[in-house]
Amino acid sequence: MSGSAVRSLVSALLLMVLLAAAGCAGGKKEPETLTVFAAASLTESFGTLGKAFEKSHPGVTVKFNFGGSSTLAQQIVQGAPADVFAAASPATMKQSGAPSPRIFARNRLEIAVPKGNPAHVAALKDLANPAVKVALCAEQVPCGAAAVKALAAGGVTVKPVTQEQDVKAALSKVRLGEVDAALVYRTDVKAAAGAVEGIEFPEADKAINDYPIAAVPKTAHLVLAREFIDLVLSDQGRRVLTDAGFTAV
Amino acid sequence: MLSARLVVERERFRLDIVIDAAAGEVVALLGPNGAGKTTALRALAGLVRLSHGEIVLDGEPIHERPAERRSIGMVFQDYLLFPHLSALDNVAFGPRCQGTPKARARVGAREWLERIGLKDHLHARPHELSGGQAQRVALARALAVRPRLLLLDEPLAALDAHTRLEIRAGLRRHLEEFDGAAVLVTHDPLDAMVLADRLVVVENGSIVQEGTPAEVARHPRTDYVARLVGLNLYRGTAAGHQVTIDGLTLSVAEELEGPVFVAFPPSAVALFRGRPDGTPRNLWAARIAGIERHGDQFRVGLDGPISVSADVTAAAVAELDLLPGQEVWVAVKATETHAYPA
Amino acid sequence: MRGAAPWGLAVPAVAGMAFLVLPLVGLAVRAPWTTLPARLTEPRVLEALRLSLITATTATVVCLALGVPLAWLLARARFRGRGLVRALVTVPLVLPPVVGGVALLLVFGRNGLIGRWFSGAFTLPFTTAGVVMAEAFVAMPFLVISVEGTLRAADPRYEEAAATLGASRWTVFRRVTLPLVAPGVVAGAVLCWARALGEFGATITFAGNLPGTTQTMPLAVYLALETDPEAAIVLSLVLLAVCVAVLAVLRDRWIKA
């Protein structure tokens, strides 16, 4: 790399650092930050709700940490500075140790297939066909556990070609056409916005995922945390969640 | 046997020499550093591409062939014995490349190592060998491929003075037994004199002198060769027994006309503090430029109408109280000069 | 005393070592030592370990077969765009492995540039061969860089000496060049193997995760973390122990040689 290229790279980096610093320093009168740890499937809907919350609470910034629910739970146990935790399953909420969680949404499985449905999947039992390549989530993650329940309810035995580490990974295998079908959440199919097709199936009723939300016990912003939870449970919250494909409670 | 014209052109250098060598003959390429000797040797080996010219070995043109198909053996200056192979496997390497089965190649290699007196070091790795031993292994490795042309690049340069004497004698014996042509590159006149049948002196990419060691030593034609053989050398114009060199006229033993070289050894030069009695014919005043030890004598460098080196004893230095910058008289006996046509 | 380090070096050296070693200590301290034997002999653990060792070793062999010639080309051949090729070859070092996995899917996947032509005959994603491929993709630069560096440092005149002895180019490479750069090849292969053994992102993306077929130790560790952190620690310790044992043995061998 030439000297001038290095210099311009360095100055670009400096500029980025300065801008980032300026962003952090915004809001002069006692800026408060609410940190929300939320399941990855909530990325879109909570993003919208976070903006609404900031609007109604001037001077408050909502920061999100989206990730796998159990990873987030462990981070909270290890002392991560979270104020609110929204998990994709009651089990992971329990792991985090947050008290009195409230169920705010439900998610149900759908069969995601690549556009055009090349393997002509129509029902859950079609996934048992060895010619159909299926991706499931690993049993250790919530979508995998839900898939096991649904398949058991339908009496269907599936030999997946892969057990993905999370629902997004399973979905991306469908998007790329590497598998013919995957069991994912309805919200994920919706978020993929036309890149995959979703097929509803009745056995999904037996594997509904409850999403609990709670304030983290050690939070320094308990009032704000409660207000955010209230927003999620409000009519406005239900509308946003329903738009994202959740079943509101 | 070997008949080659080697032209190698580089950005600021051009090598253009003709080398011939008969079967059994050892030709030494002698010259200062950077003269192009090693380039010439590498061109013969096929490690440097010729810009022009040709190399004919045993009647076959070989300059288009890669190194591995030239029927040559090469001894490198620092030997380049393969560090991961024993002495035995180094020597067996060439025959194996030529298709000799492993066992037979090793038997042959063992014979070579016994012949050069290393039968106790068959399985030694190169780093376990002394310089002299490594040199002998390198020679055996080159000879084991039964080359028609043996190339030696400064084969003794990496050795200390004592080992050098011994190895030089051994190398001479092996070269005498070798029936192909051999080309040796060296900047050491003694190596060249002892080992070669013929010297080719190369300076700045061209041949400046060629002949038997005795001829070259007696009749140097460049300052470089003269210095090598330890002679004072001048070019002048002869008229009978008088030779004029840069305005100074010397009397010489030979009777010649026209351009000539005049050579005489430093030991033929006598120094005096005052103008000597009698009238030696070759006498002039000079200033001492420097004095340095040379063996058990002192070599005195003198400025004057011509630059001269003189060898004097320690006793003479003390007696005459010679010091740099001093004016002295210089005398050279005509009978000790040697003039020959230029 | 010979070898006594000045403070300016000793302090950061110790700090550096602590930085690298302390997390391992953390793993060891938190490990459920009482249940360790039972957990270690779980078939799932052994299966993942076996798969990891097999794929990492196979990937290293693949890297050696392709990477050593590539390193030779980069070190010895002169061709246009060599600098660019050298940069491209090292890209997998900086590419996030997950991206590497996606890139592999785009080329060798069922709908990939190359993969689509072979989709009838065989598939690479979701197979053990796919794991080997993902690992080789990520690990090969380590080998290439190490071997290329050694080749550049090696004295090319040994190769010339071999040529004057009648060795063909191939013989020169096999009997002179390769033995001369053997330490670099071994160092590169060890690095390559270690990298392949720890490979996660490209593997899970390209080859997926199926116990017995594509679930290597790092994948098993990651998924165990979801539900059972203690199990994850055990698996990590196994991976560590195997890796340290192999590296220590190899190192001793090669220092002696």
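The values are calculated or read from the model by the stated rules, or taken from the named source; none is laboratory data. What you are looking at is a predicted structure, and each value in this text was computed from that prediction instead of being measured. Glycine gets a Cβ as well: all are built from the backbone with ideal geometry, and neighbour counts include every protein chain shown.
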Selection from segment A:59-112 of residues that are of a type in the set (A, V, I, L, M) and within 27 Å of A:Asp205 (Cβ to Cβ): A:Ala73, A:Ala86, A:Ala87, A:Ala88, A:Ala91, A:Met93, A:Ile103, A:Ala105, A:Leu109, A:Ile111, A:Ala112
Residues in segment C:99-111 that are within 11 Å of another protein chain (Cβ to nearest Cβ) and either of a type in the set (Phe, Trp, Tyr) or over 14 Å from C:Gly130 (Cα atoms) (or both): how many? 2
Restricting attention to segment B:50-89, which residues are surrounded by 19 or more Cβ atoms within 10 Å (Cβ to Cβ) and facing chain C (nearest Cβ under 9 Å)? B:Ala67, B:Glu68, B:Arg70, B:Ile72, B:Gly73, B:Met74, B:Phe76, B:Tyr79, B:Leu80, B:Leu81, B:Phe82
Are any of the residues in segment C:79-86 modelled with pLDDT under 95, away from every other protein chain (no Cβ under 14 Å), under 28 Å from C:Thr171 (Cβ atoms) and not in a helix (DSSP H, G or I)? yes
When both residues are 6+ apart or on different chains and their Cβ atoms are under 7 Å apart, which pairs have a first residue that lies in segment A:55-72 and is within 14 Å of chain C (Cβ to nearest Cβ) and in contact (Cβ under 8 Å) with a residue 40 or more places away in the chain, and a second that is outside any loop (DSSP other than H, G, I, E, B) and surrounded by fewer than 22 Cβ atoms within 10 Å (Cβ to Cβ)? A:Gly68/A:Ala40; A:Ser70/A:Gln95; A:Ser70/C:Thr227
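Please state which one of A:Ser100, A:Ser96 is surrounded by fewer than 19 Cβ atoms within 10 Å (Cβ to Cβ), among the hydroxyl-bearing types (Ser, Thr, Tyr), touching a residue at least 40 places away in the same chain (Cβ under 8 Å) and over 20 Å from A:Glu197 (Cβ atoms). Break it down stepwise before answering.
Values: A:Ser96 fails: surrounded by fewer than 19 Cβ atoms within 10 Å (Cβ to Cβ).
Being surrounded by fewer than 19 Cβ atoms within 10 Å (Cβ to Cβ), among the hydroxyl-bearing types (Ser, Thr, Tyr), touching a residue at least 40 places away in the same chain (Cβ under 8 Å) and over 20 Å from A:Glu197 (Cβ atoms) holds for just one of A:Ser100, A:Ser96, which is A:Ser100.
With respect to B:Leu156, is the statement that it is buried (at least 20 other Cβ atoms within 10 Å of the Cβ) and farther than 30 Å from B:Gly99 by Cα true? Can you show your working first?
Numbers: buried (at least 20 other Cβ atoms within 10 Å of the Cβ): yes; farther than 30 Å from B:Gly99 by Cα: yes.
Taking the combined requirement at face value, the residue satisfies it.
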Criterion (farther than 25 Å from B:Thr313 by Cα, of a type outside the set (A, V, I, L, M, F, W, C), at pLDDT below 90 and surrounded by fewer than 14 Cβ atoms within 10 Å (Cβ to Cβ)) met by exactly one of B:Asp277, B:Asp246: B:Asp246
Of the residues in segment C:196-206 that are crowded, with 22+ Cβ neighbours inside 10 Å and more than 8 Å from chain A (Cβ to nearest Cβ), the one that is nearest to C:Ala153 (Cα to Cα) is C:Ala196
Quick check on B:Arg5: is it more than 19 Å from the chain's Cα centre (by Cα) and either surrounded by fewer than 23 Cβ atoms within 10 Å (Cβ to Cβ) or farther than 27 Å from B:Phe178 by Cα (or both)? yes
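In the list A:Lys149, A:Lys125, which residue meets the criterion of being in contact with a Lys or Arg (Cβ under 9 Å, 6 or more places away or on another chain), away from chain C (no Cβ under 14 Å) and in a helix (DSSP H, G or I)? Explain how you work it out, then say what you get.
On the way: A:Lys125 fails: in contact with a Lys or Arg (Cβ under 9 Å, 6 or more places away or on another chain).
The match here is A:Lys149.
Determine if segment C:136-145 includes at least one residue that is small (Gly, Ala, Ser), within 13 Å of chain B (Cβ to nearest Cβ) and in a helix (DSSP H, G or I). Outline the logic, then answer.
If we filter segment C:136-145 for residues that are small (Gly, Ala, Ser), which is where we start, we get C:136, C:139.
Imposing the further condition that a residue be within 13 Å of chain B (Cβ to nearest Cβ) reduces the set to none.
No, the conditions are met nowhere in segment C:136-145.
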Pair list, Cβ under 7 Å, 6 or more apart: segment A:135-152 residue assigned by TED's automatic domain parsing to the domain that holds A:Ala119, other residue assigned to a helix (DSSP H, G or I) and of a type in the set (D, E, K, R): A:Ala135/A:Lys173; A:Gln140/C:Glu226; A:Val141/C:Glu226; A:Lys149/A:Lys206; A:Ala150/A:Glu203; A:Ala150/A:Lys206
With criteria (1) away from chain A (no Cβ under 11 Å); (2) surrounded by fewer than 23 Cβ atoms within 10 Å (Cβ to Cβ), C:Pro229 comes up short on (1)
Taking segment C:121-132, which residues are more than 10 Å from chain A (Cβ to nearest Cβ) and surrounded by fewer than 23 Cβ atoms within 10 Å (Cβ to Cβ)? C:Ala121, C:Phe122, C:Thr128, C:Ala129
Out of the strands (runs of 3 or more DSSP E) lying entirely within segment B:286-342, which hold 1 or more residues that are touching a Cys at 6+ places or on another chain (Cβ under 6 Å)? none
Suppose we keep only residues that are out of contact with any strand residue (DSSP E or B) (no Cβ under 8 Å at 6 or more places or on another chain) and closer than 23 Å to B:Arg42 by Cα within segment B:151-170. Which one would you say is farthest from the other protein chains (Cβ to nearest Cβ)? B:Arg168
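Every residue, every condition in (1) buried (at least 17 other Cβ atoms within 10 Å of the Cβ); (2) hydroxyl-bearing (Ser, Thr, Tyr); (3) assigned to a helix (DSSP H, G or I), yes or no:
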site	(1), (2), (3)
C:Val147	yes, no, yes
C:Asp155	no, no, no
C:Ala167	yes, no, no
C:Thr171	yes, yes, yes
C:Pro179	no, no, yes
C:Val185	yes, no, yes
C:Val190	yes, no, yes
